Structures are given as C-alpha cells and as structure tokens.
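Participant: Sharing a structure here in structure tokens format.
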Amino acid sequence: MKIKYIGSSLLLFLFFGLSPLVFCQEEAPPVGQVMEAILTQAAEKLARREYAQALELFDTLPPEYAQDTQIRILRAGICNSAGRPAEAKKIANEIIASNKNNIDALMILADAAMIENKERERRQFLESVIKIDAKHARALIDLANINLKNQNLRVAGNYFDRALAAEPENGEALVGRASVHRYSKEFKKAEGLLNRAVRLYPDWARPLQERARIYKSAGFNTDALEDFAAAIKLEPDNYWVLVDYGTLLMETNQKKAALEYFNRAIKISPNSFIAYVYSAAIKDELGDYAGAEKDYIALTKLKPDYYFGFEALGIIRMRNKQWALARDSFLDAYKQAPKEFNYAILASINWMRAGKQTDPKQFLAQVIKTAPRDSLDRAMLTLFHDLKGDADVGIKVEAEKNNYEKTKMLYFLASYYDIRGNKTIADKYFLMAKDLNAVGSLEWRLNEIMLTERGINLKDK
C-alpha cells in the first residue's frame, strides 16, 4: 500500500504523547487522526525551530484536510512562531469571516498583533476573547501581563485573579500574580503563591527565579542566591536567570563569580545587550581593560542609544592615550545625549591631544549655540573654542557650590592648562578636583587616572 506523507504543528501538543500515524490513500482517516499525525510529524521540526520546514508539511495535505478549521489554526500558529504574522492573520481572518466567535482564531490575531508590536490591537482581540469566554485563562493572563508591563498593577492583579479563579493551578497565573505582589511590596503574599508554584512545577525554573527576586527585594540575599542557583540547575541556558544570578553576585561583592555567569549569558545570547553592561563594568573594575573594551564595543553596536557605553569606551581609550579613538567615543556619546555638554568638552580635549589645539573649533562653535546662556557649560565650551579667558572661567568654577559640578569643571580647567603647556597650574586644578571627593563621577575617574599617570597625590600639595 502507498503511504501518504503528512505532518506539522505546535510543541504544546507533545504533552499529549501522540505517536506517529500513517494511513493509506485508499482509507482516509478522520480529521482528528490527521491532526495527531501532523502534530507528531512536525514536533521534531518545531523543537529545532525549523518553522519553514514544518509549514511545508501542510502543503502535502489534500484539500479536504487542509481546509479543516483546526488544521488551519495550527498552520496559523506556526506562521506566528516563524515570524510570519501576515500569513497567520490571513488564515485567522478567513476563519472569522465565517465564524466571528472562533476563539482560537482571535488568539492567533492577538499573537500576530504582539509580534507586530501593535499593543492596542492585541488588547482588543484579547478582550473579544474574554467577552466570549470570561474564563479563558490564557487571554486573561495575556491581558494581565500587558497591564503589568505598563505598571497598571491593580488591573493586572484583577486579571491574574480571574485566571486563577478559572484555573487555580495555572503556573503562569501564579507567577504573574506573585510579580504584582512583588511590585506592590507585598512580599509575603508573593512568596505564598511562588511556594505553591514551586511545589506544583518542580522542573520549571521560573517560579524559583521569581521567588529569588522576592527574596532579593526583601533583603534575603542568601535565600535569593539559593533559588537562583536551583533555577540555573533546571535551566542552565536560561539567559535571564543567569543575568539575575550574576547581578546579585555582583551586588554581594562576588564580582569574579558574577562575571562567569554574565559570560555564560553572552555566549547563549550574544545579541542581548544587558549582560554586556555588567560584564564590561566588572572587567573595567578588575583592570581587564582590553576585555572591558571588547564588551563595550559589542554593547554600543547592539544598543547605540545607551550612551554610557560610549562614555566608558572613551575612558578606556584615554587611559590608553588613544586620543583620536577617545574623541570619537565621546562624540558618539554626545550625539546620543546632546544636552550632556561634558561629552562635547571631553571630545574636544581628546581632539586637541590628537592634533592641533584649534581642530575642534568648528565643532565647538556649533555646540556653544545650544548651551544655556550664562551657564558654566557655555563658559567652558567658549574657553576651549577661544583659547583665552581662562582667568574669568576659573573664578566662576571656584564659586560653584555643587561638588560634582565643580569637580567636572576643575578637571576641564586642569586639562585646558595641561594642553596649553602650563603643567603647574594643571596639577593645581587636578589636585583641587581630587579634594572634592566626587567619587564615581566620570570626570573624577578621569582625574584619578591623570593623577596616577603624573605620580602626584595630596601629599605633594
């Protein structure tokens, strides 16, 4: 007998324990059996995220099966998983045209809207579902998560409560409701729900991860570390569990151990930026400037609007006396944050060190126009543009009351005199900046680098 090839659908159906089915062309089985066969045939492809190949299986079906509503729903679901929401919507809309209350089709449309970042549309489809079925847990949970994301905690909590009333052991609802309690600082309530989720789903990392976050928020770091470690054992390739664990290790001054987990996270998801932020900072602090620079470069490529990455690159390159590269880093930071005039001044300082003192003149002329009149920023920008008027600027700087602002301006003055060749006055201002002890600020860090390079300290005053 000739065997017909069939197959395709969602991983979720693997839980039903279906086994492969084949059938003869002469004896066409019921649609239900065809669906089971599709699920089984497609499961392996879906597990490997071979969505295109899974979808190809539908093209082998004869029309009497391909047009079945449930098989079309399955196909639409895979289209969404494959990142092809337009195809999913076409199928779902065709189904709704003949049955406007088809919940599965409405959920397909809601998922497609999520992929297309159309939150309003997604919300509308989900609300349509719960009008038809007020106890539809997944729609309630999705609505809850939308509101949780937008910090509408009361509304999110209400939706999670409705989902739990419909399905008291729904793991997503238990964890989600606990998250609402965490944001509301109701830690005991959150812990109770998560304890329940951990008992119900011992092989699922997320309840442990969320309980660890509860413990961390409440200040029980030891318990949090234990839960994060347990979650990693269950899901060693879970990016966010690794990042959460590394963050807490870092915050509890276990930086080398934290770095291991951030590095693991980067290997798992090299196009996610957050692990680079922490790994670069730790490497920078531990003196691995080459490693930190590599991570900062990756970070700025992935998220150029995170201008602190360019700032950190600028510091490392100034440390290495790579003046032109440092200039470019601070110019990039300034492009992303045009109201941070210190980036423009630092770019100019490095520009001058890399070439002639007049090189940044045209750039500074443009920046000056955007700085507030009578501000110290404008005065300092004008000083580097005109290369004169330092005495007046010095008086303004010494009159500044804010220590962080004064540290910044003292460092700029010191750099101005250093570039102009007056090392004695430069050293005076470098030491004055150190005296203010504005630890952690950008210019304070640069000032410390300069003092170390020059071999001077407070005793030399």
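The values are calculated or read from the model by the stated rules, or taken from the named source; none is laboratory data. What you see is a predicted model, and the numbers here were worked out from it, not measured in a lab. No Cβ is skipped: glycine too gets one built from the backbone with ideal geometry, and neighbour counts run over all protein chains shown.
Participant: For G7, indicate whether it is out of contact with any Cys (no Cβ under 8 Å at 6 or more places or on another chain), in a loop (DSSP other than H, G, I, E, B), farther than 29 Å from E121 by Cβ and modelled with pLDDT under 75.
Facilitator: yes
Participant: Given (1) in contact with a helix residue (DSSP H, G or I) (Cβ under 7 Å, 6 or more places away or on another chain); (2) part of a helix (DSSP H, G or I); (3) within 22 Å of D104 (Cα to Cα), where does K135 come up short, assuming only one miss?
Facilitator: (2)
Participant: Given the structure, is S415 within 19 Å of W323 (Cα to Cα) and among the polar types (S, T, N, Q)?
Facilitator: In short, yes.
Participant: Does L55 meet the test of being among the aliphatic types (A, V, I, L, M), closer than 22 Å to M107 by Cα and either surrounded by fewer than 12 Cβ atoms within 10 Å (Cβ to Cβ) or at pLDDT below 75 (or both)?
Facilitator: Here the answer is no, as L55 does not meet what is asked.
Participant: Within the range 356-369, restricting attention to residues that are of a type outside the set (K, R), out of contact with any Phe, Trp or Tyr (no Cβ under 8 Å at 6 or more places or on another chain) and in contact (Cβ under 8 Å) with a residue 12 or more places away in the chain, which residue is nearest to G314 (Cα to Cα)?
Facilitator: Q357
Participant: Give the range 142-154 a look and list any residue that's in a helix (DSSP H, G or I) and exposed (fewer than 15 other Cβ atoms within 10 Å of the Cβ), or say none.
Facilitator: Once the filter is applied, which keeps residues that are in a helix (DSSP H, G or I) and exposed (fewer than 15 other Cβ atoms within 10 Å of the Cβ), the range 142-154 yields K149, R154.
Participant: What residue, among those in the range 115-129 that are touching a residue at least 24 places away in the same chain (Cβ under 8 Å) and in a helix (DSSP H, G or I), is surrounded by the most Cβ atoms within 10 Å (Cβ to Cβ)?
Facilitator: My answer is V129.
Participant: Same structure, new question: Look at A105 and say whether it is of a type in the set (G, A, S), at pLDDT 95 or above and either crowded, with 16+ Cβ neighbours inside 10 Å or within 30 Å of V155 (Cα to Cα) (or both). Give the derivation first.
Facilitator: Details: of a type in the set (G, A, S): yes; at pLDDT 95 or above: yes; either crowded, with 16+ Cβ neighbours inside 10 Å or within 30 Å of V155 (Cα to Cα) (or both): yes.
Yes: the conditions hold for A105.
Participant: Checking T358 against (1) polar (S, T, N, Q); (2) surrounded by 19 or more Cβ atoms within 10 Å (Cβ to Cβ); (3) farther than 23 Å from N402 by Cα: exactly one of these is not met. Which one?
Facilitator: The single condition T358 does not satisfy is (2).
Participant: Would you pick out the residues in the range 297-355 that are without any contact (Cβ under 8 Å) to a residue 24 or more places away in the chain and among the polar types (S, T, N, Q)?
Facilitator: Those that are without any contact (Cβ under 8 Å) to a residue 24 or more places away in the chain and among the polar types (S, T, N, Q): Q322, S329.
Participant: Kindly list the number of the only condition in (1) of a type in the set (G, A, S); (2) more than 30 Å from L313 (Cβ to Cβ); (3) without any contact (Cβ under 8 Å) to a residue 12 or more places away in the chain that fails for A218.
Facilitator: For A218, the failing item is (3).
Participant: Of the conditions (1) under 30 Å from A163 (Cβ atoms); (2) surrounded by 15 or more Cβ atoms within 10 Å (Cβ to Cβ); (3) at pLDDT 95 or above, A218 satisfies every one except a single condition; which number is it?
Facilitator: So A218 meets the others, but not (3).
Participant: Checking K406 against (1) within 24 Å of D328 (Cα to Cα); (2) under 38 Å from the mean Cα position of the chain (by Cα); (3) modelled with pLDDT of 95 or more: exactly one of these is not met. Which one?
Facilitator: Result: K406 passes all but (1).
Participant: Being surrounded by fewer than 19 Cβ atoms within 10 Å (Cβ to Cβ) and hydrophobic (A, V, I, L, M, F, W, C) is the filter here, so list the residues in the range 306-336 that pass it.
Facilitator: Selection gives F308, W323, A324, L325.
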